[in-house]
1. Which one is nearest to the ligand (Cβ to nearest atom), of the residues in the range 10-40 that are open to solvent by 10 Å² or more (accessible area, probe 1.4 Å) and of a type in the set (S, T, N, Q)?
2. Look at A174 and say whether it is touching a residue at least 24 places away in the same chain (Cβ under 8 Å) and not β-branched (V, I, T).
3. How many residues, within the range 87-126, are within 12 Å of F169 (Cβ to Cβ), touching a Lys or Arg at 6+ places or on another chain (Cβ under 8 Å) and not hydrophobic (A, V, I, L, M, F, W, C)?
4. Is it true that some residue in the range 112-125 is within 16 Å of the ligand (Cβ to nearest atom), loosely packed, with under 13 Cβ neighbours inside 10 Å and of a type outside the set (V, I, T)?
5. What's the total number of residues in the range 168-178 that are touching a Leu at 6+ places or on another chain (Cβ under 9 Å) and open to solvent by 40 Å² or more (accessible area, probe 1.4 Å)?
6. Outside any helix (DSSP H, G or I), open to solvent by 10 Å² or more (accessible area, probe 1.4 Å) and not aliphatic (A, V, I, L, M), is that true of G181?
7. Looking only at the range 69-102, which residues are over 14 Å from the mean Cα position of the chain (by Cα), part of a helix (DSSP H, G or I) and either modelled with pLDDT under 95 or within 14 Å of the ligand (Cβ to nearest atom) (or both)?
8. Restricting to the range 136-167, name every residue that is open to solvent by 20 Å² or more (accessible area, probe 1.4 Å) and assigned to a helix (DSSP H, G or I).
Amino acid sequence: MIALTFDDGPDPVWTPRLLDLLADSGAHATFFVIAPRASRHPDLIERMTEAGHTIGLHCDEHTRHPSRDIAWGRSDTSRALARLHPLGATPGLWRTPWGDLAWWSGQVAREQHLRLVHWTVDTHDWRGLSARHMFEITRDRLESGSIVLAHDGIGPGARRTNAAQTLGFVELAAAQASADGLELGALT
Ligand SMILES: [Zn+2]
């Protein structure tokens, strides 16, 4: 199985299109959501759940952990989970903003029964690369056990205004996975 993961969503324009594409490809994925964005689009969270995707936690405020202390970490995480629970999402997985960890990140994860998840393949889609370019630089590492980082939302610092190329990448990756006899699955 290859695990496609998407950070920084949900996005009202791009997440629905991505969900359509995943459905057409028979694929599942993992979404590490920004909690206030999830609150603004509860319909998208419901769609993810109904389609069998995994909803993980990204953050409440998209801030680098090493720049903050554990009190902030506890409060940001609790606030995010409290926003997600009423939407029917109870994340067990956590990808921190930019994948950055502070000394306390693991401790807060344990306290909240979250498992930290990094990635093995980075599409760098936030830079605005073309779908073909992203596929070329990652295809050799799209293998069983890969965890692929991409973004369905436009996050802080992104050098692009949309996620069209990310969707193009997903199409190419799905075709390659199918040719290789690999499944695109959700992390659990
Ligand atoms: Zn992010």
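1. Once the filter is applied, the top-ranked residue is S39.
2. So A174 fits the description; yes.
3. Number of matching residues: 1.
4. There is at least one residue in the range 112-125 that is within 16 Å of the ligand (Cβ to nearest atom), loosely packed, with under 13 Cβ neighbours inside 10 Å and of a type outside the set (V, I, T).
5. Counting residues in the range 168-178 that are touching a Leu at 6+ places or on another chain (Cβ under 9 Å) and open to solvent by 40 Å² or more (accessible area, probe 1.4 Å) gives 2.
6. yes
7. D76, A80
8. Passing the criteria: E136, I137, R139, D140, R141, A164, Q165, L167.
The values are calculated or read from the model by the stated rules, or taken from the named source; none is laboratory data. Just so we're clear, the structure is a prediction, and the values are computed from it rather than from any experiment. Glycine also receives a Cβ, built like all others from the backbone with ideal geometry; neighbour counts cover every protein chain displayed. What goes into the accessible areas is simple: the full protein's heavy atoms, side chains included, and nothing from ligands, DNA or RNA. Shrake-Rupley method; radii C 1.70, N 1.55, O 1.52, S 1.80 Å.
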